[in-house]
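Trainee: Provided herewith is a single structure, encoded as structure tokens, for subsequent inquiry.
Bear in mind that the values in this text are calculations on the coordinates, not laboratory data. If you're wondering where the values come from, they're calculated on a predicted model, not measured in any experiment. Reconstructed Cβ throughout: ideal geometry from the backbone, glycine too, with neighbour counts over all protein chains shown.
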Amino acid sequence: MKITFFLIMVLLTNNNCSAQNNIDFHYQDKRQATETDSAGYKFYLENTSKEFLKKDYEVLLFFNNAAFIDDVITINGKTYNFDNYTCGYRQIRVLKRDRKIKITSKKKESMEFDLKKGIDYIIINGETDNKWSITFSEYFPTMSCL
């Protein structure tokens, strides 16, 4: 009995150590998609140059511009400046083969998370107290301007 309890405690401790507590994770599956989301995807396809469209081997990250004003974000070693406020979300493509996404920010703690199979879109928002909000989405999300 004591050994079982000890093993359970070790497993719980190891699992908790590997999880980042500065990230709130959310998930959107295809059943949640609306007609507005379909319209947003159509707009994306029609108004984005072909060379900038997401490829099948990429994941499209959406960074909330309002959350990262005057910040410098580094994603898997590549740096992006969020110099000033613009309405909406900045779209950045990353390769699915990387499997892990590591993001650092001058304003927030760094974070790292694994890509989820079947996910093509990830929404990244900044929350209070240096927390990140990550939403994995199976469909192209339509987001309003903040």
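Trainee: At 7 Å along Cα-to-Cβ for each site, give me the label-to-label distance between residue 45 and residue 20 in nm.
Mentor: If labels sit at residue 45 and residue 20, their model points lie 3.3 nm apart.
Trainee: Further question: Sorted from fewest to most neighbouring beta carbons within 10 Å, what does the list 83, 120 look like?
Mentor: Numbers: 83 10, 120 16.
Ranked by crowding around the Cβ, least crowded first: 83, 120.
Trainee: Taking a 18 Å limit on the Cα-Cα distance, which of the listed pairs 50/78; 78/116; 42/116; 30/116 fall beyond it?
Mentor: Working: 50/78 22 Å; 78/116 21 Å; 42/116 24 Å; 30/116 14 Å.
Beyond 18 Å between Cα atoms: 50/78; 78/116; 42/116.
Trainee: Rounded to whole Å and sorted largest first, what semi-axes of the equivalent ellipsoid does the C-alpha gyration tensor of the stretch 21-137 yield via the square root of 5 times each eigenvalue?
Mentor: Numbers: eigenvalues 97, 56, 47 Å².
Equivalent ellipsoid semi-axes, largest first: 22, 17, 15 Å.
Trainee: With a cut-off of at most 13 other beta carbons within 10 Å, and DSSP calling the residue loop, which trypsin sites (Lys or Arg not before Pro) in the stretch 18-85 qualify? Please list them.
Mentor: Qualifying residues, ordered by number: 55.
Trainee: Given a cut-off of under 8 Å on Cα pairs at least six residues apart, what relative contact order in percent is computed for the stretch 21-137?
Mentor: Details: 195 pairs, mean separation 39.0, N = 117.
Here the relative contact order equals 33 percent.
Trainee: Could I ask something else about it? I need 137, 105, 49 ordered by Cβ neighbour count within 10 Å, fewest first.
Mentor: Fewest to most other Cβ atoms nearby, the residues stand as 49, 105, 137.
Trainee: Based only on other Cβ atoms within 10 Å, what is the fewest-to-most ordering of 86, 104?
Mentor: Ordered from fewest to most neighbouring Cβ atoms within 10 Å, 86, 104 come out as 86, 104.
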